[in-house]
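Asker: Before I ask anything, let me first share the structure, which is written out below as structure tokens.
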Amino acid sequence: QVQLVESGGNSVQPGGSLSLSCAASGIIFRLYNMGWYRQAPGKQRELVAGITTGGTTNYADSVKGRFTISRDNAKNSVYLQMSSLKPEDTAVYYCNANLIRSQYWGQGTQVTVSS
């Protein structure tokens with residue numbers, strides 16, 4: 001059974017930092033491209049950051065320079081370091097694993113940025 005379990009979501013003030021983690025099981029993690037998506041109330045789910053099996057990263061324009069995605073294949077985990085957080089970063093953040101025709105999602109973790 002495939003599981004992606006996110007953790008690290010919290011409430012934080014604008015300008016603050018958070019680190020999200022996603023632990024994967026049931027897949028050969030190193031073969032999967034990984035990503036973080038987010039969905040704010042009333043909005044569509046959007047890609048925040050992605051990292052390929054080779055370590056190439058890409059980011060949404062709105063988070064470039066503020067967020068960093070990384071992976072540790074030995075720990076079957078992907079991370080999202082978020083800094084200089086803004087109220088518009090408030091959303092449920094989802095971990096995603098994808099490999100050609102296979103795609104899996106975590107249950108999501110809430111990030112709230114508010115003063």
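Laboratory data are not the source of any read-out in this text; all were calculated from the coordinates shown. For clarity, every value in this text was computed on a predicted model and none was experimentally measured. When we count neighbours, we look across all protein chains shown, and the Cβ atoms used for this are built from the backbone with ideal geometry, even at glycine.
Asker: Kindly provide the trypsin sites (Lys or Arg not before Pro) of region 46-115 that DSSP labels as loop, not H, G, I, E or B, and whose Cβ sees at most 15 other Cβ atoms within 10 Å.
Answerer: Qualifying residues, ordered by number: Lys64, Arg66, Arg101.
Asker: Okay, next question. Quick one: Karplus J couplings for region 74-82, per residue in order, coefficients 6.51, -1.76, 1.60, θ = phi - 60°, nearest Hz, x for Gly and Pro?
Answerer: 5, 9, 6, 9, 10, 10, 9, 8, 10
Asker: Taking Cα pairs under 8 Å and at least six residues apart, what relative contact order does region 29-81 come out at, in percent? Could you put the intermediate results ahead of the total?
Answerer: Numbers: 76 pairs, mean separation 15.2, N = 53.
Computed over region 29-81, the figure is 29 percent.
Asker: Could you give me the ³J(HN,Hα) list for region 105-112, computed from phi with Karplus coefficients 6.51, -1.76, 1.60 and θ = phi - 60°, whole Hz, x at Gly and Pro?
Answerer: With coefficients 6.51, -1.76 and 1.60, one gets 10, x, 8, x, 9, 7, 10, 10 Hz.
Asker: Mind checking which lysines have their C-alpha under 21 Å from Lys86, skipping anything on the same chain fewer than 8 residues away?
Answerer: Lys43, Lys64
Asker: Can you pull out the trypsin sites (Lys or Arg not before Pro) in region 5-52 whose DSSP state is coil and whose Cβ has at most 12 other Cβ atoms within 10 Å?
Answerer: Values: sites: Arg30, Arg38, Lys43, Arg45; in loops: Lys43, Arg45.
Here the trypsin sites (Lys or Arg not before Pro) that fit, given the DSSP loop and packing criteria, are Lys43.
Asker: For Ser83 and Ser114 in the same chain, what is the full-extension length gain: residue separation times 0.36 nm, less their Cα-Cα distance, in nm?
Answerer: On the way: separation 31, 0.36 × 31 = 11.16 nm, distance 1.40 nm.
Taking Ser83 through Ser114 to full extension adds about 9.8 nm, to one decimal.
Asker: Continuing with the same structure: Grab the Cα-Cα distance for Val2 and Leu31, subtract it from 0.36 nm times how many residues apart they are, and report the gain in nm with one decimal. Provide the component values of the computation, followed by the final result.
Answerer: Numbers: separation 29, 0.36 × 29 = 10.44 nm, distance 1.40 nm.
Net length gain for the segment: 9.0 nm.
Asker: Next question. Over all distinct alpha-carbon pairs, what is the Kirkwood Rh of the chain in angstrom?
Answerer: Values: mean 1/r = 0.0713 Å⁻¹.
This gives a value of 14.0 Å.
Asker: Mind checking the full-extension length gain between Trp105 and Ala40? Use 0.36 nm per residue of separation minus the Cα-Cα distance, one decimal, nm. Please report the intermediate quantities before stating the final value.
Answerer: Values: separation 65, 0.36 × 65 = 23.40 nm, distance 1.65 nm.
Gain on extension, Trp105 to Ala40, equals 21.8 nm.
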